[in-house]
Structure formats: C-alpha cells, structure tokens
Amino acid sequence: MSTENLIELVEMHPSIWNKSCEQYKDRYEKEKAWIEIARRIFQDWDTLGKKERNKKSQRAISTQTFQRKRATTNLT
C-alpha cells in the first residue's frame with residue numbers, strides 16, 4: 001500500500017484528524033474508523049487474532065515510516 005492510499009483512507013474519516021469534527025473527541029468513533037481502514041488494508045483483518053492484528057499494524061506503520069524517511073532523504 002502506498003502512502004498516498006493510506007492518506008486517502010484516513011482523509012475519509014474526519015474523526016481521526018479533524019479537530020473541529022464532533023466525533024474527533026469520541027474514542028469509539030476513532031476506533032471504528034481505524035478498524036475500517038485496517039479492513040481495507042488487510043483483507044483478512046476480521047479473521048486475525050489480537051496478536052496477529054497488532055503485528056500486522058506495527059509492520060505497516062514501520063513500513064510507512066521507512067518509506068517516508070527514505071523519500072525525504074532522497075529529496076535532499
């Protein structure tokens with residue numbers, strides 16, 4: 001998954017990023033939004049156990065962070 005695709009998915013859920021959105025203060029709404037994003041990223045999300053979900057999430061975050069750092073390093 002590209003960084004752009006992840007950004008598009010997050011932008012679809014203002015409860016995650018828009019402080020002026022009423023749902024921004026609602027932890028339940030944020031959790032629902034992140035789960036929906038995870039389901040779009042990982043097709044098997046609903047069949048995974050908690051540990052497997054955590055591993056996949058952490059791996060995806062690490063990959064995105066690495067790609068972002070590499071992209072900014074190559075620009076300079």
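Read the figures in this text as sums done on the coordinates, not as results from a lab. Bear in mind that the values here come from a model prediction, so they are computed numbers and not experimental data. No Cβ is skipped: glycine too gets one built from the backbone with ideal geometry, and neighbour counts run over all protein chains shown.
Cβ under 12 Å from residue 35's Cβ, residue 35 left aside: what net charge do those residues give with Lys, Arg +1 and Asp, Glu -1?
Working: positive: 30, 32, 39, 40, 53; negative: 29, 31, 36, 46.
Result for the neighbourhood of residue 35: +1.
Once you put a point 7 Å from the Cα of residue 10 and another 7 Å from the Cα of residue 34, both along the Cβ direction, what distance in nm separates them?
About 1.2 nm separates the two model spin labels.
Could you compute the net charge surrounding residue 45? Neighbours are other residues with a C-beta less than 11 Å from the C-beta of residue 45; K and R count +1, D and E count -1. Intermediate values should be presented prior to the final figure.
Values: positive: 39, 40, 53, 56; negative: 36, 44, 46, 52.
Cβ neighbours under 11 Å give a net charge of 0.
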